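Structure first, commentary second.
The numbers here are math on the coordinates, done by the rules we state, and not lab data. Since we're looking at a predicted model, the values are computed, not measured. Positions of Cβ are backbone-derived with ideal geometry, glycine not excepted, and every protein chain shown enters the neighbour counts.
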Amino acid sequence: MKCIVNGRVVLSDRVVTGKAVLFDEKIADIVDMDSVSTEKCEIIDAAGAYVAPGLVDMHIHGYLGADVSDGDPEGIKKMARGIAENGVTSWCPTTMTVSEKEILAAFDAARKVKGESEYYGARILGINCEGPFINPSKKGAQAEEHIKRPDGDFIINNADILKVYTVAPEMDGALECIEKVYKDGRVLSSMGHTGATFEEAKAGIAAGVRHTTHLFNAMTPLMHRNPGVVGAALSDDRVSCELIADTFHVNKGLFGIVAKLKGDKLCLITDCMRAGGMPDGDYTLGGQPVKKKGIQCLLEDGTIAGSVLKLNNAVKNLYDNTDLSVAEAFAAASLNPAKVLGEDGEIGSIEAGKRADIIICDDDFNIIKTIIGGTIRYECK
């Protein structure tokens, strides 16, 4: 049995002190610190730092030079190790609008790694398939030549590895696809890269859309006469929303507005591409050249091409720019996405019986230790 002591334990609704977290592969209990036996436990001293639930990144394309769409199991393992340094303990490797052959290769690579991913780093929950069922007018950094008509059978036939897929609800065949996938019940339909009107977005929700891919980005905006996809997503309590809180993709003034409107339906993501954790320079995303400079990643025509955001920094940005509590800010990157993905019975909060996916971090949300399934997988030196 291991035991974390002297930390500020971040629960789902508050931060507590004077408590110790007991765990092996799963969390055994949260007890008063003075009741802990140092002879029976391996002690981990948090030294006053936060002891928080492991983070869940449900939308990430690449890291440390690797990209999910490369279809390389070794690259996915490299990503799993790398993002553990950012406090991520569970993740959804995310594909792009590339050829069907490349998409299926990425699915197979994730299948190979999924069962053993936690031994390399963050545990794979399943694939997030962002495209190819999108609107060319809102393709962003996706490759238009690979955009296809929405196909519910494609999603259902790969539901063993899929968690989420993106669809533009206004496209021909989209509503039938959404309805079919919703009735199947295994994969979450997310609207994104869409030029839908407010009414078309609402029709998508009626058909079964329950999530929104990177809110504000690559979709129709909220206007006073045309509420658009943003208006539909923000106004429907059934719909959860991703947010890239890097202060570049979305103005920080919107963070608090979205948090107030969506509550536990707000999910912080990174949308990170292969340049994450790497120096400035030239990279690729979905086969297209990308220039990284600071926090910005752009195609040659100036189109935003993913991010290099780290999820622990997204939590900091959310906390610094809203009136959310520490517990609420952490939940946006842990319990909230766990709920959206149907994984909150196992992960997302520090509770007895859940997996021992735990991070220790300082007041600036810098990661000190990442514990995955009860084993320390990263420790800041």
Placing +1 on each Lys and Arg Cβ and -1 on each Asp and Glu Cβ in the chain, then taking the dipole about the Cα centre, the residue among MET33, ALA338, ALA314 whose Cα reaches farthest towards the positive end is ALA314
If you find the alpha carbon centre of the range 281-340 and of the range 75-145, how far apart are they in angstrom? 15 Å
If the cut-off is 16 Å between C-alpha atoms, which lysines fall inside it for LYS19, apart from same-chain ones fewer than 8 positions away? LYS2
Find out how many positive minus negative residues lie around ILE368, taking Lys and Arg as positive, Asp and Glu as negative, among other residues whose Cβ is under 12 Å from that of ILE368. -4
Where trypsin sites (Lys or Arg not before Pro) fall in DSSP loop in the range 10-101, at most 13 other Cβ within 10 Å: ARG14, LYS40
Evaluate E = 1/(1 + (r/R0)^6) for ARG225 and MET1, where r is the Cβ-Cβ distance and R0 equals 56 Å; express this FRET efficiency to the nearest 0.05. 0.40
Among the DSSP beta bridges whose two residues both lie in the chain, what percent are antiparallel, rounded to the nearest 5? 50 percent
Counting only residues 5 or more places away or on other chains, whose amide H sits under 5 Å from the amide H of THR212 once H atoms are built in the peptide plane? MET191, SER240, CYS241, GLU242
Set of aspartates and glutamates near LYS183 by C-alpha distance (under 18 Å), chain-local residues within fewer than 8 positions excluded: ASP151, ASP153, ASP160
GLU39 and ASP13 label points (each 7 Å along its Cα→Cβ direction) are spaced in nm at 3.9 nm
Can you spot the lysines whose alpha carbon is less than 19 Å from LYS148's alpha carbon? Ignore those fewer than 8 places along the same chain. LYS101, LYS138, LYS139, LYS180
Determine the relative contact order of the chain: mean sequence separation of Cα pairs under 8 Å and six or more apart, normalised by residue count, in whole percent. 20 percent
Among ALA327, TYR119, CYS272, which residue has its Cα furthest toward the positive end of the charge dipole of the chain, with +1 on Lys/Arg Cβ and -1 on Asp/Glu Cβ? ALA327
Can you give the relative contact order of the range 327-381 as a percent, counting alpha carbon pairs under 8 Å and 6+ residues apart? 20 percent
Less than 13 Å Cβ to Cβ from LEU266, Lys/Arg counted +1 and Asp/Glu -1: what total charge do the surrounding residues give? 0
